[in-house]
Amino acid sequence: MTALARWIDGWGQAWRTFLRANAPFLVVGLVLTAFAMVFFFDRVVVSVHSGQAGVLWRRLGGGTVLDSVYGEGLHLLLPINKMYVYNLRKQQFNDSIDALTVDGLTIKVQYSVRYFLAPETLPSLHQTIGPDYVGVVIRPEIRSVVRTIFGQYKPEDIYTSQKLIQERVSELSKIRLQSRFIDLDDVPIESISLPARISDAIETKMAYQQTDAGYTFQLSIARKEAERKRIEADGLAVYNATLARSLSPQVLHWQGIQATQDLAKSPNAKTVVIGAEHGLPLILGRE
């Protein structure tokens with residue numbers, strides 16, 4: 001047996017002796033290692049799915065990493081660090097609120113909020129607000145805007161100004177959320193509910209306004225028709241006066257002579273009596 005073979009055989013016997021002597025401790029160590037791997041797996045291996053992005057927090061490296069966003073895929077981390085995964089897709093939630101009008105009337109407003117997160121501002125959002133940005137920022141800010149805007153209108157003006165109210169709520173909400181690192185798409189107002197007695201009163205008032213507008217339109221048409229007839233009558237009067245001044249006996253006699261000549265040339269059978277009343281021809285036909 002060579003020296004190398006004797007060394008390997010001796011090392012193997014020593015290793016087997018070590019295993020027999022420390023078998024219980026080795027089994028406990030393997031179990032603890034396996035437990036640690038299972039326990040820290042989510043901290044070491046992080047999957048960022050489609051439409052998501054991650055923000056890394058380093059325990060010994062300055063906290064939140066502000067200059068880097070981790071995109072989709074698999075990322076390996078140290079167990080002492082942690083990655084927060086955010087949804088970058090457009091999201092939506094529904095909400096309702098009781099708001100006061102300018103004269104103190106309570107109305108119920110139901111609306112939706114559509115928003116999304118921008119990757120470039122995600123670290124700042126995580127550092128200043130955190131994962132609960134909907135409850136901390138979006139919902140309170142939108143509610144504040146809705147109360148502010150509706151508090152500037154009377155109940156009867158809300159019906160006729162819904163489009164303007166919608167635009168003002170969306171515009172002011174975008175400004176407020178943009179400063180908090182959240183991009184707002186829109187705040188559609190789903191419904192506005194007034195107390196029954198106020199709603200009935202407004203509908204009755206609007207019905208009377210529509211009736212009044214109809215009468216005003218009819219009166220306008222009648223006035224225009226009367227004006228048209230007056231102008232037409234004035235025109236006829238001027239025409240008749242002008243014609244009367246131009247029809248002298250000599251002119252009528254001359255027109256009668258011209259008509260007699262034209263009739264004489266006509267091939268139709270007729271009887272023409274010359275020297276009728278006022279010197280004008282009298283035409284007698286077969287019919």
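The values are calculated or read from the model by the stated rules, or taken from the named source; none is laboratory data. Please read these numbers as outputs of a predicted model, since none were measured by experiment. Reconstructed Cβ throughout: ideal geometry from the backbone, glycine too, with neighbour counts over all protein chains shown.
Take segment 142-197 and flag every residue that is more than 30 Å from residue 132 (Cα to Cα), within 17 Å of the chain's Cα centre (by Cα) and assigned to a loop (DSSP other than H, G, I, E, B).
Result: 161, single match.
Take segment 49-97 and flag every residue that is of a type in the set (Gly, Ala, Ser), within 15 Å of residue 124 (Cα to Cα) and outside any strand (DSSP E or B).
Listed by number, the residues that qualify are 62, 68.
Could you tell me how many of the residues in segment 131-171 are closer than 30 Å to residue 55 by Cα and among the small types (Gly, Ala, Ser)?
Matching residues across segment 131-171 total 3.
For segment 98-130, what are the residues that are in a loop (DSSP other than H, G, I, E, B) and in contact (Cβ under 8 Å) with a residue 12 or more places away in the chain?
Of everything in segment 98-130, those that are in a loop (DSSP other than H, G, I, E, B) and in contact (Cβ under 8 Å) with a residue 12 or more places away in the chain turn out to be 101, 102, 103, 105, 117, 118, 129.
How about segment 89-113: which of its residues are in contact with an Asp or Glu (Cβ under 7 Å, 6 or more places away or on another chain) and farther than 18 Å from residue 159 by Cα?
Those that are in contact with an Asp or Glu (Cβ under 7 Å, 6 or more places away or on another chain) and farther than 18 Å from residue 159 by Cα: 90, 112, 113.
Out of all the residues in segment 142-164, is one or more among the basic types (Lys, Arg), surrounded by 13 or more Cβ atoms within 10 Å (Cβ to Cβ), modelled with pLDDT of 95 or more and closer than 16 Å to residue 190 by Cβ?
So far as segment 142-164 goes, yes, one or more of its residues are among the basic types (Lys, Arg), surrounded by 13 or more Cβ atoms within 10 Å (Cβ to Cβ), modelled with pLDDT of 95 or more and closer than 16 Å to residue 190 by Cβ.
Taking the stated definitions as given, is residue 35 surrounded by 10 or more Cβ atoms within 10 Å (Cβ to Cβ), of a type in the set (Phe, Trp, Tyr), assigned to a helix (DSSP H, G or I) and modelled with pLDDT under 70?
Numbers: surrounded by 10 or more Cβ atoms within 10 Å (Cβ to Cβ): yes; of a type in the set (Phe, Trp, Tyr): yes; assigned to a helix (DSSP H, G or I): yes; modelled with pLDDT under 70: yes.
Here the answer is yes, as residue 35 does meet what is asked.
Output the number of the condition that residue 93 fails; it satisfies all remaining conditions of (1) of a type in the set (A, V, I, L, M, F, W, C); (2) over 30 Å from residue 70 (Cα atoms); (3) exposed (fewer than 14 other Cβ atoms within 10 Å of the Cβ).
Result: residue 93 passes all but (2).
Looking at (1) at pLDDT 95 or above; (2) of a type in the set (Val, Ile, Thr); (3) more than 30 Å from residue 154 (Cα to Cα), which one does residue 138 not meet, given that it meets all the others?
(3)
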